[in-house]
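Below: the structure, in structure tokens.
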Amino acid sequence: MLLTRRSLLLAASAAPVAATFGGAHAQAGWQPTREVEFVVPFGVGGGADLLARVIHKIIVEDKLVPVPIALNNRPGGGGATGIGYVSARKAADPHTIILVNGTTQITPILNPAAKTLSEVRPVMNVMLDDFLLFVRGDAPWKDAKAFVADAKTKPPKSLAFATGGTTDVMAITIFSKATGVEYNALNFNSGGEALTQLLGGHVQACMGNPLEFMGHLQSKAVRALGVFREQRFTALPDVPTMKEQGIQTPAFQMWRGMATPKGTPDAPAKYWEGVFAKVVAAPAFKAYIAENIASEAPIPGDAFVKFLADQEKLYRDLLGKPA
Amino acid sequence: MSVIQELATGLAGALTPWNMLMCLAGVFAGQLVGALPGIGPSAAIALLLPLTFGADPTSAIILFAGIYYGAQYGGTLTSVLISVPGEPSSVMTSIDGYQMALQGKAGVALGIAAIGSFIAGTLSTIGLMLLAPPLARMALAFGPPEYFSLVVLGLTALAAVGGSVLKGLAAGVFGLLLSTIGIDQQTGVARFAFDRVWLLDGVGFIVLSVALFGVAEVLSSAGMATQRPITKIANLLPSRAEWKQSRMPILRGSLIGFVVGVLPATGATIASFVAYITEKKLAKDPSRFGKGAIEGVAGPESSNNAAAAGAMVPMLALGVPGSGTTAIILGALIMFGIRPGPELFDKNAQLVWTVIASMYIGNVFLLVMNLPLAGLFAQLLRVPYSWLYPPILALCVAGVYSQANSIEDVWMLVGFGALGWAMMRYEWPAAPMILGLVLGSIFENSMRQSMTLSHGSLGIFVTRPISAVLLACALIAVLAPAVARWWRARAHI
């Protein structure tokens, strides 16, 4: 009874995205029989944790799984502590799901002792975060082209960026490579701190996610000069893409997705893929994406694995750490 | 005039039964998490966040702000009673507060902390109300060189905290060294982690402070726990003389706390250090400090509460976080569809003023809750020490484990606890080591950020006026005692 109802619900809610998922719901042969642990390898209150709590809330409130599901924050080491816990205690356990993101992928590139994505089975990407080039509202540059042209007339590293983490640094590297100009990068703990430095005029620019800058963008305290994206945002139609301005950068977005422990069999992996497809389709998730000016990006199973391999190549290239 | 009108509107909003209830719930929860090491106000707010989805944003922010400043009151409790600081900002309180408790004056220490916190909380809320926009601009003037010089000023306190200057400096430098363990913020590469994943984040503040204060205290007293007489509880509320002694420290602490709290990223912790040092420098007899000086409780406690309101300034006036906790409150605002930014005061005036008004009410709640409780909690010390110590150790272990669910942190607690015992045995001060650990990363990062900015020139620290003034203050703090000695010696000749 339960099973039939679930597959029905699944078929109904997955319908709009059925083309992408190509029969993800076909093998509903496995389902959890005891409590599921949802491991968040990041601290309570951060961006990754908030996403995990939204996903958790949707799974619980829409009754997407027939068993209780408990969140477990295991922060530390850029995701390595939490995933280390999974590989030590939950190997191949299909009753464990894990939140993974770009940071977990960067950690082992910089610190080979830390193992992250190699210890999990990626199940589905759920969203992408964008990077924008921001300057102060009273800055002389009206677009990225003018910014680059001005930088070219000055000695290298004359313009300084404040960043909130390694992902922002990579965006600067991309920008620097595409424009042939060297910039100065000052690293801070969070996007908020970087924004404060920009507002105070201590640096000339920031690379950041839209969320933290939105209020200031609307009040014109900061200006967005461009975005590393293929098309303009629907929420920010005035912000041109880098390519439109003749700056040839690859699309650069930070991914966030879900995984199960390494060695999870196919049937449970497919089951979770179906659950996450329903999470992404839920109105609460769409509202979360809209609030964060992020992009909904369900990439399931094998396509996700391939996507991650491409990202890994890009990250290694940007960080100067070839495999 | 308009401020009074705005505040009246705010009060009308804050005095509705529902908002009063949220305020009470907030300060109560804050008090509770403040007292528990390991779980802090940021975690508490993050955990409550999903419950408030769909609720009225104003009530939710009242609740969160209440947790934030309520936690500053709660942190005092464990620092004074069992020498376990629950938050970085209560480390200084535990130095003299715990000594007062041992002398049977726990009630007085808690009482003066509650009164000081109330006065500081109220004064700094007035400051927040009147001065938010200009102060926020001041906060923006702080770039990396200014933070560096501020931290240098803070580090001059290292030598002043303990009895011996040399031991204080050595312990402080050891703390600075500890802060270099883990992922380097500027390059993302791990240092001194020895390929251990659990060392990637370095040594946590909670681990070190609970070990050096809590565990070390229990270990070093364990030998005499059975013979140690149960403390007599002299009086529960501060006497007239004690109140007189604390009056000025409370006012100074409020001012220091509010001003330092406004600066993003430093906040309550540095404020409490600076307040403690100020009191010690100004005291007629500095040798009383560390042995139960009431000013050593009144100053830092007022200052950490004032800093909590100060940290709201950049958040409300600029939309940038002033501390880890306000960063989460900002996140909550976004969740409610309110864009934090420079226009928050204009566009969401009702929300801002209601929250400010609720802070006055919350401080009254906290005073009413804490004054009678001070006496009640002080009774805890009537329990024989041999019974008290095992639960304290359990609380230390549980607190450290709960912050990251990490058993390695517990082993570090054991190791540093043993070190703390040895330090206590040979009279090495613990506070400078913690100060070094807390300030170390801002010290190093702001220095490297400044050098990046200046393309490697040290001149940036003296050519920028605010930075130059702060460095000059640091120089005076170091040289003043020596010059004074020289002056006195010359006068005698």
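Here are a few things to note about the model shown:
- Solvent-accessible area, 1.4 Å probe, carbon plus sulfur percent, for chain A: 56
- Beta bridge orientation in the protein assembly as shown: antiparallel %, DSSP, nearest 5: 65
- Overall, region B:2-492 carries a charge dipole of about 1420 debye about its Cα centre when +1 sits on the Cβ of Lys and Arg and -1 on the Cβ of Asp and Glu, all other atoms neutral.
- Farthest toward positive dipole pole in chain A [+1 Lys/Arg, -1 Asp/Glu at C-beta], among A:F213, A:P108, A:L199: A:P108
- Distance from the alpha carbon centroid of region A:83-160 to that of region B:258-336 works out to 33 angstrom.
- Mean separation of Cα contacts under 8 Å, 6 or more apart, over the residue count of chain A: relative contact order %: 26
- Rolling a 1.4 Å probe over the heavy atoms of the protein chains gives region B:335-413 an accessible area of 43 Å² per residue.
- Local net charge near B:E242, Cβ-Cβ under 12 Å (Lys/Arg +1, Asp/Glu -1): +3
- Accessible surface of chain B [probe 1.4 Å, protein heavy atoms]: carbon and sulfur percent: 71
- Put simply, the amide H of A:A185, placed in the peptide plane, has neighbours under 5 Å in A:F161, leaving out anything fewer than 5 places away on its chain.
- A helix-only calculation puts chain B at -24000 deg cm²/dmol for mean residue ellipticity at 222 nm, using -39500 (n - 2.57) for each DSSP H run of at least four residues, averaged over all residues.
- Note, ³J(HN,Hα) from phi for region A:187-202, Karplus 6.51, -1.76, 1.60, rounded to Hz, x at Gly and Pro: 9, 10, 6, 8, x, x, 5, 4, 4, 4, 5, 5, 5, x, x, 7
- Size of electric dipole in region A:132-245: Cβ of Lys, Arg +1 and of Asp, Glu -1, about Cα centre, debye, nearest 20: 280
- Local charge for A:A323 was computed over the other residues whose Cβ lies under 11 Å away, with Lys and Arg +1 and Asp and Glu -1, and equals +1.
- In range of the label at B:V173: residues from region B:449-487 whose backbone nitrogen is under 19 Å from the point 7 Å along Cα→Cβ: B:475, B:478-479
- For peptides A:212-221, A:298-307, sequence by mean Cβ density within 10 Å, most packed first: A:212-221, A:298-307
- Toward the positive end of the charge dipole of region B:2-492, with +1 on the Cβ of Lys and Arg and -1 on the Cβ of Asp and Glu, the farthest Cα among B:N305, B:A25, B:L237 is that of B:L237.
- Tilt relative to chain A, helix A:47-61 - C-alpha long axis, 0 to 90 degrees, to 10: 30
- The B-A contact accounts for roughly 3600 square angstrom of buried accessible surface, both chains included, probe 1.4 angstrom.
- In region B:331-346, burial by the other protein chains removes 30 Å² or more of 1.4 Å probe accessible surface, compared with the chain on its own, from B:I334, B:M335, B:R339, B:P342, B:E343.
- Prolate/oblate/rounded call for region A:132-245, Cα gyration tensor, a/c under 1.5 rounded: rounded
- Angle in degrees between helix A:80-89 and the longest Cα principal axis of chain A, rounded to the nearest 10: 20
- Gaussian network model of chain A, springs between alpha carbon atoms under 10 Å - residue of A:A185, A:A146, A:A205 with greatest fluctuation: A:A146
- Positive dipole terminus of region B:2-492, leading residue within B:A480, B:Y73, B:L155 (C-beta point charges): B:A480
- Threshold 20 Å², region B:423-459 residues less accessible with all protein chains present than alone (1.4 Å probe): B:Q449, B:T452, B:L453, B:H455
- For B:S94, neighbours were defined as the other residues whose beta-carbon sits under 14 Å from its Cβ, and their charges (Lys and Arg +1, Asp and Glu -1) total -3.
- Chain B: C-alpha gyration tensor shape, a/c 1.5 cut-off, then a/b vs b/c: rounded
- Cα gyration tensor shape of the protein assembly as shown, rounded if a/c is under 1.5, else prolate or oblate by comparing a/b with b/c: prolate
- Contact order relative to length of chain B, as percent, for alpha carbon pairs under 8 angstrom and 6 or more apart: 28
- Probe 1.4 Å, accessible area per residue of region A:65-127, Å²: 27
- Under 5 Å, built H, 5+ apart or other chain: amide partners of A:A297: A:M127, A:L128
- Shown for region A:160-194: residues covered by the partner protein chains by 30 Å² or more of accessible area relative to the chain by itself (probe radius 1.4 Å), namely A:N184, A:L186, A:N187, A:F188.
The values are calculated or read from the model by the stated rules, or taken from the named source; none is laboratory data. Every value quoted in this text rests on a predicted model; they were computed, and no experiment measured them. Methodologically, a virtual Cβ is constructed for each residue, glycine included, from the backbone with ideal geometry; neighbour enumeration extends over all protein chains shown. Quick note on the areas: whole protein, heavy atoms, side chains included, nothing else; ligands and nucleic acids left out. Shrake-Rupley method; radii C 1.70, N 1.55, O 1.52, S 1.80 Å.
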